[in-house]
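A.B. asks: Encoded as structure tokens, here's the structure I'll be asking about.
The values are calculated or read from the model by the stated rules, or taken from the named source; none is laboratory data. Model, not experiment: these values are computed from the prediction. Cβ sites come from the backbone with ideal geometry, for glycine too, and all protein chains shown count toward neighbours. To get the accessible areas, we keep the full protein, side chains included, count just its heavy atoms, and leave off ligands, DNA and RNA. Shrake-Rupley method; radii C 1.70, N 1.55, O 1.52, S 1.80 Å.
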Amino acid sequence: VRAGVVRPTPSIVTLTTDAGPIYAAQMRGVLLSAAPGVTVVDLDTGLPPLDVVHAAVAFRAMAERYPAGSVHLVIVDPGVGGPRAPIAMATKDGSFLVGPDNGVLDLLAQSLGRRACVRLDPDRCAAPGPRSPTFEGRDLFAPAAARLALGTPLEELGHQFVPRRLRLPRPRRHGGRLVGRILLVDRFGNLITNVPGDWAPPERTTVRVTLGEDAAPRSLARVRTYSDLEAGRLGVLVSSFDLVEIAAREGSASTRCGAKAGDRIEIVLAPVRATTARGRRRPPA
Amino acid sequence: VRAGVVRPTPSIVTLTTDAGPIYAAQMRGVLLSAAPGVTVVDLDTGLPPLDVVHAAVAFRAMAERYPAGSVHLVIVDPGVGGPRAPIAMATKDGSFLVGPDNGVLDLLAQSLGRRACVRLDPDRCAAPGPRSPTFEGRDLFAPAAARLALGTPLEELGHQFVPRRLRLPRPRRHGGRLVGRILLVDRFGNLITNVPGDWAPPERTTVRVTLGEDAAPRSLARVRTYSDLEAGRLGVLVSSFDLVEIAAREGSASTRCGAKAGDRIEIVLAPVRATTARGRRRPPA
Amino acid sequence: VRAGVVRPTPSIVTLTTDAGPIYAAQMRGVLLSAAPGVTVVDLDTGLPPLDVVHAAVAFRAMAERYPAGSVHLVIVDPGVGGPRAPIAMATKDGSFLVGPDNGVLDLLAQSLGRRACVRLDPDRCAAPGPRSPTFEGRDLFAPAAARLALGTPLEELGHQFVPRRLRLPRPRRHGGRLVGRILLVDRFGNLITNVPGDWAPPERTTVRVTLGEDAAPRSLARVRTYSDLEAGRLGVLVSSFDLVEIAAREGSASTRCGAKAGDRIEIVLAPVRATTARGRRRPPA
């Protein structure tokens, strides 16, 4: 740790994984055994299995709300035991990110600014004893996160390393036409896209939205929040991720539209006309 | 806080929501960032989406087991961003309840006794910066809960307010006939009704139970606990909520009866005769 | 507690149950109310309902990662309220196990070495007031665990008792033939068997695996980790439980094979020949 960066006491270690409760509990135990005073906080321990893009997006959205100086352990690791590097990064706010070098850490590292990165050296990080080649989250990454939480300098855990970038599809816009992808579907069935919130059409306009490759476009109202829609009605808004979202009031947009993560979305701004989502006689969709 | 009410250190903030892991993790992060020493405890962060009645019943059952002085944050908020008020309450035991004014806090407030209530003023509670109109749990309610956990007096967070009551269907009884509703179905498929436990028929009697509007009645034994029933058999007992419950031994009463939350239930006391659920030759159902 | 065993401060109490979030939150509240300084850590609170064998296996795998001196509360209790004994054990490393005497604690007790066991006496453990006969986890076991976490000697909670052993099917081997059972299926669909890891065939061999009673055998490669398999391909490896595991790369072995916990598995070592899972022209399955 760079001189001058004061570490909070006790440290927070967050845990993000697709591995489910049994494996998550094992990692939690390793953290509490190796770093007894630490506060272990679950972010999401039941992410969709092996989906690095979903995990990277969700991890950034969750972890960026935590105090500077936290240690973030992320185990979504389809290549466990194979040639992908185990890494740890320090960020400019004094936080640490620990996980496999498959891009899952990259979005948060970009947000916080990367200060340094090492490839974890098992001889310097792991607990003594055998390590399972199928669960390095428990046997290598969690011990490394515990050491960082205890104040071990990053440089002592391995050699300098240049991590992978995560390649995400980029949204595009041409005039009034926005094209993107659904990044994730939340628990309510809201469709969170990769289109930035400040590209969203103005409130109280109507837009034409096409989901998937061949679907017919739908005319939807752009609203501010769910309760501006009539019950069951679909609309377009800016999500709390600050991304464009398609939602149904008190219903699942995912079910209504048959849409899922990865699907293409196209939004065309219709000619501007003042409208309100409530009280209209002939709703647009 | 009233003089003489001593706050425990460190404070407990509980979290109850239907929003699922990603949004719950964001709220947890806001709490830990704004009130670093606080202990954040999840009650249930995966409640059935948008079901205020279920949430209110479950929240009361969970939160009433926590220490006096806890701050309880409840985000089940179908009207987020709309006209419903954001509120915080102080109760007579020195606890605080924070959430939307849709009745979700009302059952616990009645149990603990309400001492004061304010409508949260965003200018006094929220963190500086933009607030998402679709996730006030993160941007308004969690910061308010953190302030209460740090000891900010309730009155500084907003103006006095009279909260909504939650209207629940009331159970009725006429002689030996009980009529109520299923309040919730637990993870085992047990049917928890709104009929008070002290209205339950005596142990070792047989009752006739009708679930739903048109179903045929079933003759069920009233037992003390699940293991008094034969394997797979349905029975009536007093649940740990202190409410009448229909359960199957090592099976799901919900699946067996096709019953769900909201369904009507009628229980008629059969003429009293001594019986035991075990060892009978011709079981009643 | 035996003289000379120093208890960590603050104590950790872990929680393992099949009861789901509402009942787990109630137990967590009882623990935090009765033992305010304690750190409550969830292991798994959503185990498969009423499955004592799965719970015992998962509990051992999780709890053995926690610091010596922890108090482990396990509520998987199909016989709640009935004649099965409520027990607490002390182990040789200074930890405590609390739960019903149905075998769910037995595997960890064997691993850690049992030092003492008592049958919990409600008059000495439970909080004053009524106890629900359907939820002793909340009203008897959690108060007992809290007392142990506060340092109450085990002997004060009840009389000496000899706990049940858990009878698990034992794996067998005859020459090159291994016969066992699937103990549990993890979140990825990996099949964790009861065959010890050190019985596994050597890496880079091919084995014939029969799942279930009547199925046709499959020729599978024995590999070191998932990424040694081609995408979607099934293989045999040593799991992080140190047991033989059948897995599919980036897929569910459970779905692929139609296999579930309890199923029989037979593994026959094929004649040894050097092979690699990658790069072969004609893969074995």
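A.B. asks: Residues in the range A:177-190: is at least one under 30 Å from residue A:30 (Cα atoms) and surrounded by fewer than 14 Cβ atoms within 10 Å (Cβ to Cβ)?
C.D. replies: Scanning the range A:177-190 turns up no residue that is under 30 Å from residue A:30 (Cα atoms) and surrounded by fewer than 14 Cβ atoms within 10 Å (Cβ to Cβ).
A.B. asks: For the range B:113-122, give me each residue that is open to solvent by 20 Å² or more (accessible area, probe 1.4 Å) and not hydrophobic (A, V, I, L, M, F, W, C).
C.D. replies: Passing the criteria: B:114, B:115, B:119, B:121, B:122.
A.B. asks: Shifting gears a bit: Which residue is modelled with the highest pLDDT, if the candidates are limited to the range C:34-44 and must be in a loop (DSSP other than H, G, I, E, B) and open to solvent by 30 Å² or more (accessible area, probe 1.4 Å)?
C.D. replies: If we take residues in the range C:34-44 being in a loop (DSSP other than H, G, I, E, B) and open to solvent by 30 Å² or more (accessible area, probe 1.4 Å), then C:36 is modelled with the highest pLDDT.
Let's see how each residue does on (1) within 26 Å of residue B:25 (Cβ to Cβ); (2) surrounded by 22 or more Cβ atoms within 10 Å (Cβ to Cβ); (3) touching a Phe, Trp or Tyr at 6+ places or on another chain (Cβ under 9 Å); (4) hydroxyl-bearing (Ser, Thr, Tyr):
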| site | (1), (2), (3), (4) |
| --- | --- |
| A:215 | no, no, no, no |
| A:222 | no, yes, no, no |
| A:236 | yes, yes, no, no |
| A:245 | yes, yes, no, no |
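A.B. asks: Restricting to the range B:85-97, name every residue that is touching a strand residue (DSSP E or B) at 6+ places or on another chain (Cβ under 8 Å) and open to solvent by 40 Å² or more (accessible area, probe 1.4 Å).
C.D. replies: If the condition is that a residue be touching a strand residue (DSSP E or B) at 6+ places or on another chain (Cβ under 8 Å) and open to solvent by 40 Å² or more (accessible area, probe 1.4 Å), then B:92 is the only one that fits.
A.B. asks: State yes or no: is residue B:81 closer than 18 Å to residue B:27 by Cβ and small (Gly, Ala, Ser)?
C.D. replies: So residue B:81 passes the test.
A.B. asks: Which one is nearest to the chain's Cα centre (by Cα), of the residues in the range C:97-122 that are among the acidic types (Asp, Glu) and away from chain B (no Cβ under 14 Å)?
C.D. replies: Checked the range C:97-122; the qualifying residue nearest to the chain's Cα centre (by Cα) is C:106.
A.B. asks: Further question: Given the options A:198, A:214, name the one that is out of contact with any Cys (no Cβ under 6 Å at 6 or more places or on another chain) and either among the aromatic types (Phe, Trp, Tyr) or within 12 Å of another protein chain (Cβ to nearest Cβ) (or both).
C.D. replies: Of A:198, A:214, the one residue that is out of contact with any Cys (no Cβ under 6 Å at 6 or more places or on another chain) and either among the aromatic types (Phe, Trp, Tyr) or within 12 Å of another protein chain (Cβ to nearest Cβ) (or both) is A:198.
A.B. asks: Search the range B:98-112 for residues that are open to solvent by 10 Å² or more (accessible area, probe 1.4 Å) and pair each with any residue that is in a strand (DSSP E or B) when their beta-carbon atoms are under 6 Å apart and the residues are at least 6 apart or on different chains.
C.D. replies: Short answer, once both residue conditions are applied: B:101/B:87; B:112/B:91.
A.B. asks: Look at the range A:123-136 and say how many of its residues are within 14 Å of chain C (Cβ to nearest Cβ), touching a residue at least 12 places away in the same chain (Cβ under 8 Å) and either farther than 20 Å from residue C:228 by Cα or surrounded by fewer than 17 Cβ atoms within 10 Å (Cβ to Cβ) (or both).
C.D. replies: Counting residues in the range A:123-136 that are within 14 Å of chain C (Cβ to nearest Cβ), touching a residue at least 12 places away in the same chain (Cβ under 8 Å) and either farther than 20 Å from residue C:228 by Cα or surrounded by fewer than 17 Cβ atoms within 10 Å (Cβ to Cβ) (or both) gives 2.
A.B. asks: If you don't mind, there's one more thing I want to ask. Taking into account only those residues within the range C:9-32 that are assigned to a helix (DSSP H, G or I) and without any contact (Cβ under 8 Å) to a residue 40 or more places away in the chain, which is most open to solvent (accessible area, probe 1.4 Å)?
C.D. replies: C:21
A.B. asks: Which of the numbered conditions does residue B:176 fail, given that it passes all the others? Conditions: (1) out of contact with any Phe, Trp or Tyr (no Cβ under 7 Å at 6 or more places or on another chain); (2) over 19 Å from residue B:221 (Cα atoms).
C.D. replies: Failed condition: (2).
A.B. asks: Might you let me know whether the range C:66-80 holds any residue that is within 14 Å of chain B (Cβ to nearest Cβ), within 27 Å of residue B:228 (Cα to Cα) and of a type in the set (Gly, Ala, Ser)?
C.D. replies: yes
A.B. asks: With B:164, B:172 as the choices, which residue is open to solvent by 80 Å² or more (accessible area, probe 1.4 Å) and without any contact (Cβ under 8 Å) to a residue 60 or more places away in the chain?
C.D. replies: B:172
A.B. asks: Tell me, please, whether a residue that is at pLDDT below 95 and closer than 21 Å to residue B:84 by Cβ can be found in the range B:142-161.
C.D. replies: No, the range B:142-161 contains no residue that is at pLDDT below 95 and closer than 21 Å to residue B:84 by Cβ.
A.B. asks: Identify, by number, the condition in (1) crowded, with 17+ Cβ neighbours inside 10 Å; (2) assigned to a helix (DSSP H, G or I); (3) touching a strand residue (DSSP E or B) at 6+ places or on another chain (Cβ under 7 Å) that residue B:143 doesn't meet.
C.D. replies: (3)
A.B. asks: Does the range A:205-224 hold any residues that are modelled with pLDDT of 95 or more and outside any strand (DSSP E or B), and which are they?
C.D. replies: Those that are modelled with pLDDT of 95 or more and outside any strand (DSSP E or B): A:223, A:224.
A.B. asks: State all residues of the range B:45-65 that are facing another protein chain (nearest Cβ under 8 Å) and assigned to a helix (DSSP H, G or I); if no residue qualifies, say none.
C.D. replies: B:58, B:61, B:62, B:63 - these are the residues of the range B:45-65 that are facing another protein chain (nearest Cβ under 8 Å) and assigned to a helix (DSSP H, G or I).
A.B. asks: Looking at the range B:230-259, which of its residues are closer than 13 Å to residue C:78 by Cβ and modelled with pLDDT of 95 or more?
C.D. replies: B:247, B:248 - these are the residues of the range B:230-259 that are closer than 13 Å to residue C:78 by Cβ and modelled with pLDDT of 95 or more.
A.B. asks: What residue, of C:79, C:37, is in contact with a Pro (Cβ under 8 Å, 6 or more places away or on another chain) and under 30 Å from residue B:95 (Cα atoms)?
C.D. replies: C:37
A.B. asks: Let me ask something else about it. Quickly run through the range C:217-235 and pick out the residues that are within 27 Å of the chain's Cα centre (by Cα) and within 12 Å of chain A (Cβ to nearest Cβ).
C.D. replies: C:223, C:224, C:225, C:226, C:227, C:235 - these are the residues of the range C:217-235 that are within 27 Å of the chain's Cα centre (by Cα) and within 12 Å of chain A (Cβ to nearest Cβ).
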